[in-house]
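Q: If you scroll down you'll find the structure; I have some questions about it.
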Amino acid sequence: MNSKYTPLFESFNLGKELEVKNRLVMAPMTNFSSNPDGTVSDAEVNYYERRSSGVSMVITACTYVTANGKGFHGEFGGDKDELIPSLSRLASAIKAKGAKAILQIFHGGREVPPELVNGDVVSASNIPSEGEGKAVPRPLSEKEIESIILDFGETTRRAIEAGFDGVEIHGANGYLLQQFFSPHSNRREDKWGGSLEKRLTFPLAVVDEVKKAVAEHAKGPFIVGYRFSPEEPETPGITMDDTLALIDGLVTKDLDYLHVSLMDFWSKARRGAEVDRPRIEIIKERIGDQVPIIGVGSIYTADDAIKALQSGVPLIALGREIIIDPEWVQKVEQGREAEIVTKINKDNQQQLDIPDPLWQAIIHSPGWFPGIG
Ligand SMILES: Cc1cc2nc3c(=O)[nH]c(=O)nc-3n(C[C@H](O)[C@H](O)[C@H](O)COP(=O)(O)O)c2cc1C
């Protein structure tokens, strides 16, 4: 290995008792390839096995905790006990290749395709997301909110029973947790909305419920991470200042990591706090050493990764890159970083073990993956 990359391969203590072998993580990525009954498919398991040998942790695609939170066609489920064997198959496949297996748990809220939920699209309030033809969601009742919070706990229990090493609470990318935190989608005036503080109630209650499930069911160390998106473009919408308030709430919760969802690791704040500074720097400054951070976004080369690590963020996630080059980590480890592939090759689907639905999504979405113009 080129010695300048050795810091990427230093182990790291996550949580009190759990050590991960290096600083590289597979980012959570939906693959649209699970079976219609919510079980994981063979192609999906192969895809994960292929990508679990180098990284220290694999964060899975999101799984829905409640049936009407299913956000994607071909998403696997975590909402009932019958699915524990399926979850277990996924956890075992990842762990057998040497990575820690983290299940990303989620509810899609207003972003759920209506046909997946019999048209019953729900959210904090009846505000659709911006864009053509978006469904007008039905505001959740207080009873339903409480039931979804319990569902996050139940899915965590299933993750424990299935052998996962942890869960990541998906509070990012505009889905239900973020919808409750956002002044765009949350216009409630009960205890779940109104002030900034009240908009935090739901996400923090989910964290508490997940931690409770871990305390009750985990027999050893079990990771709990939280993923959030730092800003929303909409007005009203989450600002960097709001994000810092969310962070202040999250750092009190004894989480094992916070994962900052960005498409570009170095992207700058658009408003609030200090514009023109990379969001990750502002966030790192606020969190300090209270909770480890995972950073992500357009890390394509070994130099990109080491530069990101030098920002003080201890863990770096690879998303599209590890789809494009499943041996990304091993190549750096073996001094072959010059061989890393950074653009998708349209002839390589089979060679890359990419399931059909994911492949179709990639090649029909110009600009999403490098190499698809
Ligand atoms: C195919 C695909 C599916 C994704 N699905 C999820 C998901 O299920 N949960 C999530 O939090 N982020 C998801 N993301 C976002 C990634 O985790 C990541 O934040 C983003 O792709 C930027 O990182 P990258 O430049 O390394 O790809 C997805 C991204 C891609 C490309």
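Computed from the coordinates by the stated procedures, all read-outs in this text should not be read as laboratory data. It should be emphasised that the depicted structure is a prediction, and the values quoted were computed from it without experimental measurement. Heads up, the Cβs are rebuilt from the backbone with ideal geometry, glycines too, and the neighbour counts pull from every protein chain shown.
Q: Go through region 87-105 and give me each residue that's within 16 Å of the ligand (Cβ to nearest atom) and either touching a Leu at 6+ places or on another chain (Cβ under 9 Å) or among the β-branched types (Val, Ile, Thr) (or both).
A: Selection gives Leu87, Leu90, Ile94, Ala101, Ile102, Leu103, Ile105.
Q: Restricting attention to region 250-266, report how many residues are within 16 Å of the ligand (Cβ to nearest atom) and surrounded by fewer than 16 Cβ atoms within 10 Å (Cβ to Cβ).
A: Final tally of qualifying residues: 2.
Q: Would you pick out the residues in region 302-326 that are out of contact with any strand residue (DSSP E or B) (no Cβ under 8 Å at 6 or more places or on another chain), in a loop (DSSP other than H, G, I, E, B) and under 19 Å from Ile362 (Cα atoms)?
A: Residues satisfying the conditions are Asp325, Pro326.
Q: State whether the residues of region 24-43 include one that is within 16 Å of the ligand (Cβ to nearest atom), touching a residue at least 40 places away in the same chain (Cβ under 8 Å), touching a His at 6+ places or on another chain (Cβ under 8 Å) and under 24 Å from Ile160 (Cβ atoms).
A: yes
Q: When you look at Ile247, is it touching a Pro at 6+ places or on another chain (Cβ under 8 Å), in a helix (DSSP H, G or I) and away from the ligand (no atom under 13 Å from the Cβ), yes or no?
A: no
Q: Filter region 273-291 down to the residues that are part of a loop (DSSP other than H, G, I, E, B) and surrounded by fewer than 17 Cβ atoms within 10 Å (Cβ to Cβ) and list them by number.
A: If the condition is that a residue be part of a loop (DSSP other than H, G, I, E, B) and surrounded by fewer than 17 Cβ atoms within 10 Å (Cβ to Cβ), then Glu274, Val275, Asp276, Arg277, Gly288, Asp289, Gln290 are the ones that fit.
Q: Among the residues of region 78-103, which ones are acidic (Asp, Glu) and either part of a helix (DSSP H, G or I) or surrounded by fewer than 16 Cβ atoms within 10 Å (Cβ to Cβ) (or both)?
A: Those that are acidic (Asp, Glu) and either part of a helix (DSSP H, G or I) or surrounded by fewer than 16 Cβ atoms within 10 Å (Cβ to Cβ) (or both): Asp81, Glu82.
Q: Of all residues being surrounded by fewer than 21 Cβ atoms within 10 Å (Cβ to Cβ) and of a type in the set (A, V, I, L, M, F, W, C) in region 119-148, which is nearest to Asp190 (Cα to Cα)? Just the residue, please.
A: Ile127
Q: Within region 288-304, can you find the residues that are within 15 Å of the ligand (Cβ to nearest atom), touching a residue at least 60 places away in the same chain (Cβ under 8 Å) and under 19 Å from the mean Cα position of the chain (by Cα)?
A: Ile294, Val296, Tyr300
Q: Taking Leu309 as meeting all but one of (1) out of contact with any Gly (no Cβ under 9 Å at 6 or more places or on another chain); (2) of a type in the set (A, V, I, L, M); (3) away from the ligand (no atom under 14 Å from the Cβ); (4) within 22 Å of Met57 (Cα to Cα), write down the number of the exception.
A: (1)
Q: What number goes with the only condition from (1) more than 16 Å from Val55 (Cβ to Cβ); (2) within 14 Å of the ligand (Cβ to nearest atom); (3) touching a Lys or Arg at 6+ places or on another chain (Cβ under 6 Å) that Asp276 does not pass?
A: (2)
Q: Oh, and also: Give the number of residues within region 213-230 that are within 14 Å of the ligand (Cβ to nearest atom) and assigned to a loop (DSSP other than H, G, I, E, B).
A: Number of matching residues: 2.
Q: So, one more: Restricting to region 327-366, name every residue that is among the small types (Gly, Ala, Ser), part of a loop (DSSP other than H, G, I, E, B) and within 21 Å of the chain's Cα centre (by Cα).
A: Answer for region 327-366, where residues must be among the small types (Gly, Ala, Ser), part of a loop (DSSP other than H, G, I, E, B) and within 21 Å of the chain's Cα centre (by Cα): just Ser365.
Q: From the residues in region 190-225 that are surrounded by fewer than 21 Cβ atoms within 10 Å (Cβ to Cβ) and out of contact with any helix residue (DSSP H, G or I) (no Cβ under 9 Å at 6 or more places or on another chain), which one is farthest from Thr243 (Cα to Cα)?
A: Once the filter is applied, the top-ranked residue is Gly220.
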